[in-house]
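Peer 1: I have a structure I would like to understand better, so I am pasting it below and will then ask my questions one at a time.
The values are calculated or read from the model by the stated rules, or taken from the named source; none is laboratory data. These numbers were taken from a predicted model, which means no experiment stands behind them. Don't worry about glycine lacking a Cβ; one is built from the backbone with ideal geometry, like all the others, and counts go over all protein chains shown. Surface accessibility is based on the protein's heavy atoms, side chains included, excluding ligands, DNA and RNA. Shrake-Rupley method; radii C 1.70, N 1.55, O 1.52, S 1.80 Å.
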Amino acid sequence: VGALQIAEHGDWLTENVTGGAYGKVIRWAFEKQGLFQAGGTATPNNLEGVPPAVDVYVDDGRGGQYPYQPNWWSSQTIWNRLSPDGQAGHQDPALGTNYAYVKIKNRGTTVANGVIVKAYHCKPAAGVLWPVDLQPMATAQLSAGTLQPNDTEEKIVGPFEWTPATNAFGLDTMMMIVSATGDPSNVDSLSPGRTIEDWRLVPNDNNIARRDVSLVRLATVIADSGDFGNACVGTFKDEVLILSNSGFNRVTVTAMTSSSADFLVPSALSYPLNIAPGGALDVPIRFQPTSFGPKSAVITVTSNDPAGPKKVPVSGQTKPPRLAVVIADAGDFGRACIGSFKDEAIVLSNSGHCTLSVQSVSSSSSEFVVPSVLSYPLSIAAGASLAVPIRFQPTDFGAQAGTLTIVSDDPAGPRTVAVSGFAPSGTLTVTGSASFGGVTACCCADRTLTLCNTGDCALHVTSVKFKRKSRHWTLLNNPFPATLHAGSCVNLVIRYKATEKCPRACELIIECDDPKTPVKVLEVLAYTVWGGGGCKEGCEGCGHDGCDKCRASSGCHQGYACCDDDDEDGKEKDPS
């Protein structure tokens, strides 16, 4: 071990390598393999050797030992305060006087005496090469007295006053070197005039530790932790992202990006954007969603802050519209006659948070007519409603049904509404008797039938006629075809001329649009009563001049004389 340490201590002049960086590491490596034993004897239960008698150190996360450590410039036992309050917790340096602190320990086996801590930081515009790039802090060193062995005591040493300076990398560093009697730092034994790189010096000497600090510091500020709240599709909402320079060197912003197209960063005509120390820049971030649902993104601000790009999480909601459909009486339009209509309103309500867009309103049935719209879509604001008139206009009798379909941008999909109605008909009711009984020969008798509409809607009687023509039967002043309104009646007069020698029934046919009885057949009955007098054998011989005689002889006990139905020649008129 001694030979290795002596050899390593020498400078390798041809390669310009300064020696003395690895002596403590060599000693520790053999200690870990059991070379150094208490009393010089190894025991089966303790193959690891003991540390030096005095071994003071600044803990860089390795407890004073030397396993490999990739990051050796961020010791958490060195920190800065903006006031000499002695509190824990690092504060980035501010322009002017700052106060540095350090924790030290002794892993050796005996008490460390004469403990001293020296404090350094970078020279302006310099790198970190010992000793040329470093300068003592304003408080160059402080005495710590003694330290108890075996890591049983930890002391906080400070404050060290210092004023940061920007080095060649835009940073500064706080370097602390602790030494004690019997445990000098490696820098104490370097050859005069020689320099050594920081990456060889610091991680290989537990007496030395370092913490780089940022003099360029970009801070980001955004309201409500970046929550934009709700924004509707097709609209936008802006929030301000504040970029603040809380360091004391200029911040140079070289790029701003968003991980989502729903969150837009402003377009800059040219980068970089410069922010003076203590200054701030307001950057509008736009939430402009293109679809429904929760949204999130990360806004990345790239600058010369040595801590790296700042990532700002942002979020928002795009709550969908919600279509609610309201119609009276479960969609039952009630009763409406053919040829008329009945209107009911279907109410489209937007119970969501954003404008509802209605693309179409359609009906599955021609009996239920939706209104004509010049152009879709129809827009319904959040919380508002629209009454849409639906017309029940039946073309056929009976129960009618249909389905209304409303298509909108509600993500729940189209809404369907069942509608129904009833189209009643007219009802034909016939009163009066079509049975004449016996009628005196050569006389006429009349019977009146009353055709009534006892239904709820108009009844269209298209025809009233005898099934076959007969000169013995006549309809007087037949008013049909005709329309009978609900509750109305029309009289129909049937005449029988008693000239029929052999009685035969005649059928009266009534045709209408009553769906239950579209054709009604009435049997009309009469017979001729032949008596004495001039009309015994018939009425043909009466002649026009014999009417009175015929009537007087027969008496027309039922009916009346009907010789006036004969033409001037005494012939019977055509019953048509």
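Peer 1: Tell me whether region 91-173 comes out rounded, prolate or oblate; compute the Cα gyration tensor, take square roots of the eigenvalues as a ≥ b ≥ c, and use a/c under 1.5 as the rounded threshold.
Peer 2: prolate
Peer 1: Determine the gain in length on full extension of the stretch S433-A140; use 0.36 nm per residue of separation and subtract their C-alpha separation, reporting nm with one decimal.
Peer 2: So the extension gain works out to 91.8 nm.
Peer 1: List the lysines whose Cα sits under 16 Å from the Cα of K295, skipping any in the same chain fewer than 8 residues away.
Peer 2: Cross-link targets: K237, K319.
Peer 1: Evaluate the distance, in nm, between pseudo-label points positioned 7 Å from the Cα of D227 and of S270 along their respective Cα→Cβ axes.
Peer 2: Those two pseudo-labels are separated by 4.2 nm.
Peer 1: What nm value, rounded to one decimal, do you get for the distance between F466 and S372 when each label is placed 7 Å out toward the C-beta?
Peer 2: Using points 7 Å along Cα→Cβ, the separation is 5.2 nm.
Peer 1: With percent of Cα pairs over 35 Å apart as the read-out, I listed (1) 50; (2) 69; (3) 43; which label goes with the value calculated from this structure?
Peer 2: Only one listed value fits the structure, namely (2).
Peer 1: Report, ordered by chain and residue number, the lysines lying within cross-link reach of K516, taken as a straight Cα distance under 23 Å and ignoring same-chain residues fewer than 8 apart.
Peer 2: By straight Cα distance, K516 reaches K465, K467.
Peer 1: What is the sum of charges, Lys and Arg at +1 and Asp and Glu at -1, for the other residues whose Cβ falls under 15 Å from the Cβ of L323?
Peer 2: +1
Peer 1: Round to a whole angstrom and tell me the spacing of the C-alpha centers of region 96-134 and region 342-397.
Peer 2: 81
Peer 1: Once phi is turned into θ = phi - 60°, what whole-Hz ³J(HN,Hα) does the Karplus curve with 6.51, -1.76 and 1.60 give for every residue of region 367-381, x standing for Gly and Pro?
Peer 2: 6, 10, 9, 8, x, 7, 10, 4, 7, 9, x, 9, 9, 10, 5
Peer 1: Which of rounded, prolate or oblate describes region 1-142 when judged by the alpha-carbon gyration tensor and an a/c cut-off of 1.5?
Peer 2: oblate
Peer 1: So, R0 is 22 Å and r is the distance between the beta-carbons of N16 and A168; what FRET efficiency does that work out to, to 0.05?
Peer 2: E(calc), rounded to 0.05, equals 0.65.
Peer 1: Return the long-range amide H neighbours of N230 (sequence gap of 5 or more, or a different chain), with a cut-off of under 5 Å between placed amide H atoms.
Peer 2: It is Q317, by chain and number.
Peer 1: Further question on the same structure: Could I have the simple spin-label model distance between V325 and S385, label points 7 Å from Cα toward Cβ, reported in nm to one decimal?
Peer 2: Between V325 and S385, the simple spin-label model gives 1.5 nm.
Peer 1: Hey, if we sort H121, H90 by accessible area with the 1.4 Å probe, largest down, what's the order?
Peer 2: Of H121, H90, the descending order of accessible area is H90, H121.
Peer 1: Could you please report the charge total around I346, scoring K, R as +1 and D, E as -1 over all other residues with beta-carbon less than 14 angstrom from its beta-carbon?
Peer 2: Neighbour charge sum, excluding I346 itself: -1.
Peer 1: May I pose another question? On a 0 to 90° scale, report how tilted helix 23-32 is relative to the longest principal axis of the chain, with both axes built from alpha carbons and the result rounded to the nearest 10.
Peer 2: The helix 23-32 is inclined about 70 degrees to the chain.
Peer 1: Please list the non-local residues whose amide H lies under 5 Å from the amide H of I346, H modeled 1.01 Å from N, same-chain partners needing a gap of 5 or more.
Peer 2: Long-range HN contacts for I346: V388, I390.
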